[in-house]
1. So how do A:268, B:153 line up by other beta-carbon neighbours within 10 Å, fewest first?
2. Give the order of B:105, B:272 when sorted by the count of other beta carbons within 10 angstrom, beginning with the fewest.
3. For chain A, take the longest principal axis of its alpha carbons; what is the angle in degrees between that and the long axis of helix A:2-29, to the nearest 10 within 0 to 90?
4. Given C-alpha coordinates of region B:208-355, what is the ratio Rg to Rh with the Kirkwood estimate of Rh?
5. Counting only other chains, what is the mean number of Cβ atoms within 10 angstrom of the Cβ of each residue in peptide B:184-194?
6. If you consider only alpha-carbon coordinates, what radius of gyration and Dmax does region A:224-319 have, in Å?
7. Eigenvalues of the Cα gyration tensor times 5, then square-rooted: what semi-axes does that give for the protein assembly as shown, in whole angstrom, largest first?
8. Restricted to Cα positions, what overall size does region A:58-116 have along the principal axes? Three whole-Å values, descending.
Amino acid sequence: MGAYILRRLGAGFVVLVVGTFALYILVSLSGNPLANLMANPHISPATIRAARIELHLNEPLLQRYWTWLTGMLHGNFGISTTGQAVGPQIWPRMWVTMQMVIPATIIAIVIGIGLGVMSAVRQYSVRDHVSTWFAYAFYATPVFVIGILLKDFLAVKVDNAAGHPVLYTVGQNNPGTTGAWNIFVDALAHDVLPVLTLVLITYAAWSRYQRASMLDVLNADYVRLARAKGLSRRRVLYVHALRNALIPVTTVIALDFAAILGGAVITEIVFGWEGMGRFFYQGLVGPVTPDVNVVMAYLVITAALVIIFNIIADIAYGLLDPRIRYA
Amino acid sequence: MPEPREAARIDSPTSAARPVLATPLVGTPAQQGSGPPDPLLSLGGPAAIPQPDALANADAMAAAQAGLTIKARSQFQMAYARFIHHKMALIGLGTFVAILLFSTIGPLFWHYNYAQITNQFGTGPSLAHPFGTDTIGHDNFAQMMAATSTSIETALVVAGIATALGTLVGAAAGYYGKWADALLMRFTDLILIVPGLVILLVLANTVSKAAGNWLWIALILAALFWTYLARLVRGVFLSLREREFIEAEHAIGASGARIILRHLIPNAIGPIVVNATLTIAQAILVEAALSFLGLGIQPPQVSLGYLIAQGEGAATVLPYLFYFPAAFLIVIVLAVNFIGDGLRDALDPQQRVRA
C-alpha cells in the first residue's frame, strides 16, 4: 500500500513537471507584465530595468522556468508582479477555497449517492422521475447561472423576508468578527450559497451514475439469493447491494474532483471570494498580466490536491472492493 | 458497442440461405459451398460481384420457403427505428432544430440587426422588442439570435474537430499502441490532474489577445475535447481488435488502414456518435463559461455566455436580460443531451428492436 502510494505520487510528479513546462511557456508568452509600466511616461527607464531584473525577465525563458522549478521544489513560489512573495499570499487563499470545496464535495457525495439509491430502489416511481428531471436540469445549467440565480433571487428574497442579512452573497467572511462561535456562524452564512452552487452542478451526474450502478447490482443473482436466504430487505440493500454499487461511482467522483476545483474558480468570481481560483484568474487577466508565478502556483497546488484526492479515492476503492490488490 | 457486422450477417437467417440460392442464378460451380460471395475471396469472374437483384430474389425465395417474411435491416435502419420511438429524444431534436432555425433564418426576417442601437434603452419585453432592450439600446431579440448561432456554430465546430481528431488518434493508439498510445495517455494524465477549465483559461488568455473570434475559441476547445473522444475510441478498439473477425481480416492479409476504416470504426460508430453529440452540449457550456469570464467570444461578436455576463450586471433591475440567454442556454443543452440519450439507446445493439 505504501509503495503503491509512493509510485502514484512519483507518476503524478513526472506528469506535473512536464505539464508545468508547457503551461509555463504558454503563460509567459501570453503578454508582457511590464507593459503597464512601459506605457506610463512618468516611470523612468531605470525603474523598468529594475522591475525587469526583479522578475527575471532579462533571462532566457528556459532559464526562468528552471529558476521557477527549482524554487518551487524548495517551497518557494517566487514573487508576483507586485513584488510580494506568492507563497504567503496563496496558502491562506487555498484554505478559503477549501472552505467551499470540501463541504461541497462531501454534501454532493451524500446527496448524489442518496438520491441515486432512492431512484434505483423505487425505479419509475414519482420520486425517481422528479429526481431524474432535476438531475437533467442541473446537468444542463452552467455553474455561473446557478450562482447568479441563488445570489440575486434567492438570497435577496430570504434576506428581505428575515429583515436582516441571513445569506451573504459577497466574500467568504465579515472581517472583524470576534469570538469563535460568531466567526463560525459568520463563515457558515457566507458558505451556504457558494457551497450550494457547487453541490447542485456536481451531484446531478453522480446521482445518475449511482442510480445506474445500483440498478445493475439489484438485478444481480447474488442480491436475489441474499433476499431468498432470509436477510432483511434493509440489510440486503445497504450491506450487500450498496457496497458493490459504490465501486464504479468512486471512480467517477475521483475523476470529477478536478472539475469541482474548476467550478470553484467561477463560483469564487461570482460570489467575490478571495480564494485561490480568483487569485489565479486575476493573475491571468490583469490588471498586470500575466502574473506567471501566481498562475503557476495555482496550477501546482491544484494538481497536488487532485493527486491527493485521487489517492484517497484509491484507498476507498480498496476498502469497498477486497479483490483489489495494490501491487 | 455494436455487434460486429460480419458476425451478424453470417448469423442472420436470411443471409445463411443467400449464397446457396444465389449461386445457381449467377454463380460459377467453383463458388458453390464456399461461403458468402465475398469479393475479396473469389478470384475474378462476373459472378464475384453479388448482384443486388439476385440477392433480393434470394431473400424473397428464402422467406417464401421459410413461410414468413423476415426482412434484414441495416444497422442504420434499426437505430432509426429505435430513435423515432424515443419520445424525449424527438422532443429534443425538434427543440434543437427550432432553435437552430430561429438563430440562422430568424435574422433574415427580423427588422433589427444585433449590432444596431435603437432609441429604446433598457425597456422590458414589448411587441417591438419581444425580449426587451439593454441599457445601450440593443434589441435583445436580435442579440439572442446572433448569440445563439455563435454558440451553436462554435459547439458544432468543436464537436466536428474533436471527433475527427479524437477518432484518428484514438484509432492509432488503440490499434497500433506504441508511441501513439503512450503520447495520448500522458497527455490525458495532465488533463486529469489539472481542471480542463483552467487549461482552457490559460489557452484562451494567450489566444484571445491575438484574435478573440469564435473560430479561435472553437479551436482551443477542440484542443481539449479531442482527448475524451480519443480515450473512448482507444478503449473500444482495444477490446475489438482481439475479436475473431479482426483475426480473420489479418489472416486474409488486410492492411491496418483497411481494418480500421472498414471494420473497427463502423463497429465503434455508436459510442463515437453519442459522444460527439454530448461534446456539443459540453462545448456550449464551456464556451459560455469562458465568455462569462471575458476570455471567450469578444465583442462586437456575442454569444450566450457573453449575454449572460452582460445581463448579470442588471439582473435585479432588468432581469429579462439575464433570463432569456440563460433559459436558451439551458434549453439547448438539455435538448442536445436528450438527443444524445436517444442516440445512445438507438445505437446500443443490446437493446431489443421495439419497432
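All of the numbers you see were taken from the coordinates with simple rules; none came from a lab. Quantities reported herein were computed from a predicted structural model and do not represent experimental measurements. We place every Cβ from the backbone using ideal geometry, glycine too, and count neighbours over all the protein chains shown.
1. In increasing order of surrounding Cβ atoms, one gets B:153, A:268.
2. B:105, B:272
3. Around 40 degrees separate the two axes.
4. Expressed as Rg/Rh, it is 1.14.
5. 6
6. 20.7, 70
7. Value: 49, 31, 30 Å, ordered largest first.
8. Between the extreme Cα coordinates on each principal axis of region A:58-116 lie 57, 22, 18 Å.
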